[in-house]
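Beneath this line is the structure, given in structure tokens, with notes to follow.
Read the figures in this text as sums done on the coordinates, not as results from a lab. Model, not experiment: these values are computed from the prediction. Please note: Cβ atoms are built from the backbone with ideal geometry, for glycine as well, and neighbour counts cover all protein chains shown.
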Amino acid sequence: MASAVSVVSVREAGATTAAMPSALLIGKAAGVQVVQSNGNPGADAQIIIRGTGSFKSIEPLYVIDGIQAGKGLFNTLSTQDIENITILKDASSTAIYGSAAANGVVIVTTRKGRSGAPRITFTSQWGWLSHGAPSMC
């Protein structure tokens, strides 16, 4: 049986090219489904935690750094700013967050600023076409 809490650490997930925070959850949390609803590139994905029930909406509650937020704000976060994502899957989360948590809770912890000297980090990716591959002009 899967645990009632899943924690997805971006550091443990390794380097990722995920453009959306919901893509960080694909295959990382047991019992959590990430569904691309309309198939358009860049469209918001739907996160389903407790399955399809009798409720009109199956959207979980999103909590970002302790503040309740909507799906729109969750999807605008940069994946590089996320430290970890915790998923509360069981009904006991309603004791903490009320009826808004009936479909589960997605808790996002972002990276915090640190005191001391400023530090600049740079991330890049590159690639090339092999000799036999068609090129796009």
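Here the Karplus curve 6.51 cos²θ - 1.76 cosθ + 1.60, taken at θ = phi - 60°, turns the phi angles of the stretch 79-88 into couplings of 5, 6, 8, 8, 8, 7, 10, 10, 10, 9 Hz, with x standing for Gly and Pro. Applying the criteria of a DSSP loop state and at most 14 other Cβ atoms within 10 Å to the trypsin sites (Lys or Arg not before Pro) of the stretch 63-137 yields ARG111, LYS112, ARG114, ARG119.
Each of PHE122, PHE74 has some number of other Cβ atoms within 10 Å of its Cβ, and from fewest to most they run PHE122, PHE74.
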